[in-house]
Amino acid sequence: MMISFYSIKTKKLKKKQILDIIKLKEQHWKFGLKSQLSFFKKNFKSYDIHNLLYFSTTLIGYTALKKRTLYKGEEKKRYLLFDTLVIAKDFRNLKLSRIIMNFNNKIIINSKMQSILICENKLYKFYKKFLWSK
């Protein structure tokens, strides 16, 4: 299988890449392309990180790491908010989520920031395999 990874900030994404991302997300979350695009524009900042997994030239996997800041009194702490893990329908059950999660973990470790993930309880076992904890 010919796969490749790209890690790109929002401001560097091309229009086609954004369209590919929202089409891929639409396979899992059925809100309509217009709604997905609106959500994308509203919720991503120019410096957020988009991790793209391609099979040849087709986007088959996607995750996002949003750079955010937590304020606690006078203290300010930067962190990465892990957002969205989606694999294309035709490529599920091929252990690609394992590959993309390891890629994300590498980026998180290299950033030297903590990362936060909010997920449903039923997904906890999956993320725990990749060293995420409550």
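General observations
- Taking all protein chains together, MET2, MET113 sort by accessible area into MET2, MET113, largest first [probe 1.4 Å].
- Each residue of the range 80-85 is assigned a 3J(HN,Hα), and the resulting list reads 10, 8, 6, 9, 6, 10 Hz, derived from the Karplus form 6.51 cos²θ - 1.76 cosθ + 1.60 (θ = phi - 60°), x at Gly and Pro.
- Compared with the dominant Cα axis of the chain, that is its longest principal axis, helix 33-43 is turned about 20°.
- Accessible-area composition of the chain, carbon plus sulfur, in percent [1.4 Å probe]: 55
- Summary of packing: across the peptides 115-128, 90-103, 53-66, the per-residue average of other C-beta atoms within 10 Å ranks them, highest first, as 53-66, 90-103, 115-128.
- Separation of the ARG92 and THR69 label points, Cα + 7 Å toward Cβ, nm: 3.9
- Rounded tilt (10° steps) of 96-111 against the dominant C-alpha axis of the chain: 30
- Integer Hz, Karplus 6.51/-1.76/1.60 couplings in order for the range 13-19, x for Gly and Pro: 5, 7, 4, 5, 5, 5, 4
- Over the chain, dividing the summed -39,500 (n - 2.57) contributions of all DSSP H runs of at least 4 residues by the number of residues returns a 222 nm mean residue ellipticity of -10500 deg cm²/dmol.
- From most to least packed by mean Cβ count within 10 Å, the peptides 26-36, 78-88 give 78-88, 26-36.
- For the pair LEU131 and LEU81, label points projected 7 Å from Cα toward Cβ lie 2.4 nm apart.
- Counted charge near GLN27, where neighbours are those whose Cβ lies closer than 15 Å (Asp, Glu -1; Lys, Arg +1): +2
- Rounded, prolate or oblate (a/c below 1.5 giving rounded, otherwise prolate when a/b exceeds b/c) for the range 12-134 by Cα gyration tensor: oblate
- Solvent exposure of the range 1-104 as accessible area per residue, Å², 1.4 Å probe: 62
- Cα gyration tensor shape of the range 22-71, rounded if a/c is under 1.5, else prolate or oblate by comparing a/b with b/c: oblate
- Cα gyration tensor shape of the range 89-134, rounded if a/c is under 1.5, else prolate or oblate by comparing a/b with b/c: oblate
The values are calculated or read from the model by the stated rules, or taken from the named source; none is laboratory data. These numbers come from a predicted model, not from an experiment. FYI the Cβ positions are ideal-geometry reconstructions off the backbone, even for glycines, and counts take in every protein chain you see. Only protein heavy atoms, including side chains, enter the accessible area calculation; ligands, DNA and RNA are left aside. Shrake-Rupley method; radii C 1.70, N 1.55, O 1.52, S 1.80 Å.
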